[in-house]
Amino acid sequence: MAERPNVLMIICDQLRADWLGYAGHPHVRTPNIDTLAARGTRFTNGFVATPVCMPNRASIMTGRMPSVHGLRYNGCTLPARVNTFVDVLRSGGYDTALIGKSHLEPFTGIRRVYDDGDEPVPIPEAWNDDDRDPTNEEPDRFEAEDDYRYPVPYYGFDHVDMVTDHGDRANGHYRQWFRRTVPNWRELFDPANELPHSYTCPQAYRTPIPANLYPTAYVADRASRYLERAAGPGSGQPFFAFVSFPDPHHPFNPPGRYWEMYEPDAFEIPIRSGDHVSPPPPLSWCLRARDAGEEPSTPQSARAESDRHIREAMALSAGMITMIDDAVGQILDTLRSTGLAEDTVVLFTSDHGDYLGDSHLLLKGAWSRDSINRIPLVWVDPDASGPEVRDDLVSSIDIAPTILHRVGIRPYHGMQGRSWMDSDSRDALLIEFNDPTARMGFSTPARVRTVRTRHHSLALYGDQDWGELFDDESDPNHLNNLWDSAGHAKVKTTLLEQLGHLLTAQMDESPRALRQA
């Protein structure tokens, strides 16, 4: 293998760790990802830094927690003054490519309005604005016929094939390509031309866009083209390719044959809302809202649904996942056919999970559950001795230092993650959740801090008179909350102390002091 290997990182959006064949899912077919897992190291205790798209993607890029790197909510921007591990790779001689979804900047173009009172604030924020324009992913950037040229390096990437938003009408370079390539693109983008179907679950949409023109296919095609160029004559640099699929994030709209691939009746709801010994307030609130016919505040807000709707969402999500698996197979075939496979480390993961039927909920929210916090994590290194399954506690913030460790480049000061190639593993890890608005029955925006060990999970909900404590060995589905159990008071105290130590470490260590005061 080359002294400095190539790195191919494949990431999905809102993919649960247990919704893959190798993880034991009884229905979802993912033979290509399963083959990766069979060849490499798969981690059974991979967790997010936060179960929210933009903050966790920023944590992956920086190796730092949201409370430190500055992108704490969806709708904010990763500050321009922040370094990423891709910047480090680029400075170390790597060719760097972003293919697919970035979501380090907002892509809707919708501005939030806050009621801060009538008096103007002379200095509105604790941080000054960045000097870089934070609108590179917004829709108006992609209205012209020619591809929008990104100011590079874009968070360390010199090559950018951008896909923004979700579903069949994703934006970015994908939509510019679609308009140039498909003569009847207006017809295919028109919701009035939805194909007939019998699904009634929220956000089920049978797209008229064929599978070969869907965003997943676009990302696979662009990734394959990049790999072919990387293997071509005169390409002496090692590469880092960040290949990012916008699926299986809702809306539920697998194209073509993937829509009919799975039957809703084949799916069971493994954890039902009535299984909880004492349902927590967010779950109870969602169930009451469902029964009252109340719609969530936004399409992204967690919601409770009926058995039928849950099964439909499961079937359609499974179709989206299998399409991703087919795309992964195409990319890996290109890696082999170009002769790059023996010199390339492959990483497969997701930015977070989805309730996807957990206790009759869909999507994600402030209620801390493994279904949204646990992520798939597979590491395939051609130099490794063989396949391995590890139960180490691994966080999203560990991806950056591990990649840098593997290629032999030192990380910058202030990176909080640790390489899983080191011998020492964590006793506990921290998961943050910060909501910009009040949802799921919270009267104020939720602040949640979860500490995970190999044996327990404890969630502290800011300013609430309740919390959660679960024993993973006796209660792996987290149905019996031990927060108020007298018999578990010592365990609770120990975990709260661990949480305190983890929170104490959430200080930005950069820049380091270079002079005596």
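Consider the range 7-31 and keep the residues that are within 15 Å of the chain's Cα centre (by Cα) and part of a loop (DSSP other than H, G, I, E, B). The one that is nearest to Thr164 (Cα to Cα) is Gln14. Where residues in the range 296-321 are of a type in the set (S, T, N, Q) and surrounded by fewer than 24 Cβ atoms within 10 Å (Cβ to Cβ), which of them is farthest from Ala231 (Cα to Cα)? Checked the range 296-321; the qualifying residue farthest from Ala231 (Cα to Cα) is Ser306. Flag set for Gln330, criterion: within 29 Å of Ala266 (Cα to Cα) and touching a helix residue (DSSP H, G or I) at 6+ places or on another chain (Cβ under 9 Å). Hey, does the range 352-365 have a residue that's among the polar types (S, T, N, Q) and not in a helix (DSSP H, G or I)? Scanning the range 352-365 turns up no residue that is among the polar types (S, T, N, Q) and not in a helix (DSSP H, G or I).
Conditions (1) acidic (Asp, Glu); (2) surrounded by 22 or more Cβ atoms within 10 Å (Cβ to Cβ); (3) in contact (Cβ under 8 Å) with a residue 40 or more places away in the chain; (4) in contact with a strand residue (DSSP E or B) (Cβ under 7 Å, 6 or more places away or on another chain), marked per residue:
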| position | (1), (2), (3), (4) |
| --- | --- |
| Leu188 | no, no, no, no |
| Pro191 | no, no, no, no |
| Ala223 | no, yes, yes, yes |
| Phe245 | no, yes, yes, yes |
| His249 | no, yes, yes, yes |
| Trp259 | no, yes, yes, no |
| Ser278 | no, no, yes, no |
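Checking Phe433, Phe442 one by one, the residue that is at pLDDT 95 or above and in a strand (DSSP E or B) is Phe433 and no other.
Contact map, the range 480-502: residues that are under 14 Å from Ser278 (Cβ atoms) and of a type in the set (S, T, N, Q) paired with residues that are open to solvent by 50 Å² or more (accessible area, probe 1.4 Å) and part of a loop (DSSP other than H, G, I, E, B), Cβ distance under 9 Å, separation 6+ or inter-chain. Pairs shown: Asn480/Val277; Asn480/Ser278; Asn480/Ser474; Asn481/Val277; Asn481/Ser278. Checking Gly274, Gly236 one by one, the residue that is assigned to a loop (DSSP other than H, G, I, E, B) and free of Cβ contacts under 8 Å to residues at least 12 places away in the same chain is Gly236 and no other. Taking Arg336 as meeting all but one of (1) of a type outside the set (Phe, Trp, Tyr); (2) buried (at least 22 other Cβ atoms within 10 Å of the Cβ); (3) free of Cβ contacts under 8 Å to residues at least 40 places away in the same chain, write down the number of the exception. Single failed check for Arg336: (2).
If I filter the range 43-63 for residues that are among the aliphatic types (A, V, I, L, M), surrounded by fewer than 22 Cβ atoms within 10 Å (Cβ to Cβ) and modelled with pLDDT of 95 or more, do I get at least one hit? Reasoning before the result, please.
Applying the first criterion (among the aliphatic types (A, V, I, L, M)) to the range 43-63 yields 48-49, 52, 54, 58, 60-61.
Cutting the leftovers down to surrounded by fewer than 22 Cβ atoms within 10 Å (Cβ to Cβ) gives us none.
Looking through the range 43-63, none of the residues is among the aliphatic types (A, V, I, L, M), surrounded by fewer than 22 Cβ atoms within 10 Å (Cβ to Cβ) and modelled with pLDDT of 95 or more.
Number of residues in the range 69-91 that are farther than 27 Å from Thr298 by Cβ, in contact (Cβ under 8 Å) with a residue 24 or more places away in the chain and either part of a helix (DSSP H, G or I) or of a type in the set (S, T, N, Q) (or both): the value is 8. Taken together, Thr444, Thr437, Thr494 contain a single residue that is among the β-branched types (Val, Ile, Thr), open to solvent by 50 Å² or more (accessible area, probe 1.4 Å) and over 25 Å from Asn45 (Cβ atoms), which is Thr444. Right, Ser235: surrounded by 18 or more Cβ atoms within 10 Å (Cβ to Cβ) and either over 29 Å from Ala58 (Cβ atoms) or over 20 Å from the mean Cα position of the chain (by Cα) (or both) or not? The answer is no for Ser235.
Cβ contacts < 9 Å: first residue farther than 28 Å from Ala170 by Cβ, restricted to the range 125-143; second residue among the polar types (S, T, N, Q) and modelled with pLDDT of 65 or more, any location; separation 6+ or different chain. Result? So the pair list comes out empty. Of the residues making up the range 222-261, those that are basic (Lys, Arg) and over 20 Å from Leu195 (Cβ atoms) are Arg222, Arg225, Arg229. The number of residues in the range 137-161 that are on the phi > 0 side of the Ramachandran plot and crowded, with 22+ Cβ neighbours inside 10 Å comes to 1.
Which residues, counting only those in the range 288-341, are outside any helix (DSSP H, G or I) and out of contact with any Leu (no Cβ under 9 Å at 6 or more places or on another chain)?
From the range 288-341, those outside any helix (DSSP H, G or I) are 292-306, 338-340; that's our starting set.
Listed by number, the residues that qualify are Ala292, Gly293, Glu294, Glu295, Ser297, Thr298, Ser306, Gly339.
If I ask for residues that are within 20 Å of Asp13 (Cβ to Cβ) and in a loop (DSSP other than H, G, I, E, B), which ones from the range 39-62 would you list? Result: Val48, Ala49, Thr50, Pro51, Val52.
In the list Thr164, Thr216, Thr200, which residue meets the criterion of being under 27 Å from Ala313 (Cβ atoms), at pLDDT 95 or above, open to solvent by 60 Å² or more (accessible area, probe 1.4 Å) and touching an Asp or Glu at 6+ places or on another chain (Cβ under 8 Å)? I'd like the intermediate steps shown before the answer.
Working: Thr164 fails: open to solvent by 60 Å² or more (accessible area, probe 1.4 Å); Thr216 fails: open to solvent by 60 Å² or more (accessible area, probe 1.4 Å).
Exactly one of Thr164, Thr216, Thr200 is under 27 Å from Ala313 (Cβ atoms), at pLDDT 95 or above, open to solvent by 60 Å² or more (accessible area, probe 1.4 Å) and touching an Asp or Glu at 6+ places or on another chain (Cβ under 8 Å), namely Thr200.
Out of the range 445-454, which residues are among the β-branched types (Val, Ile, Thr) and either over 21 Å from the mean Cα position of the chain (by Cα) or not in a strand (DSSP E or B) (or both)? Across the range 445-454, the qualifying residue is only Thr453.
The values are calculated or read from the model by the stated rules, or taken from the named source; none is laboratory data. As the structure is a prediction and not an experimental result, all values here were calculated from the model. Positions of Cβ are generated from backbone atoms using ideal geometry, with glycine treated the same way; all protein chains shown enter the neighbour counts. Surface accessibility is based on the protein's heavy atoms, side chains included, excluding ligands, DNA and RNA. Shrake-Rupley method; radii C 1.70, N 1.55, O 1.52, S 1.80 Å.
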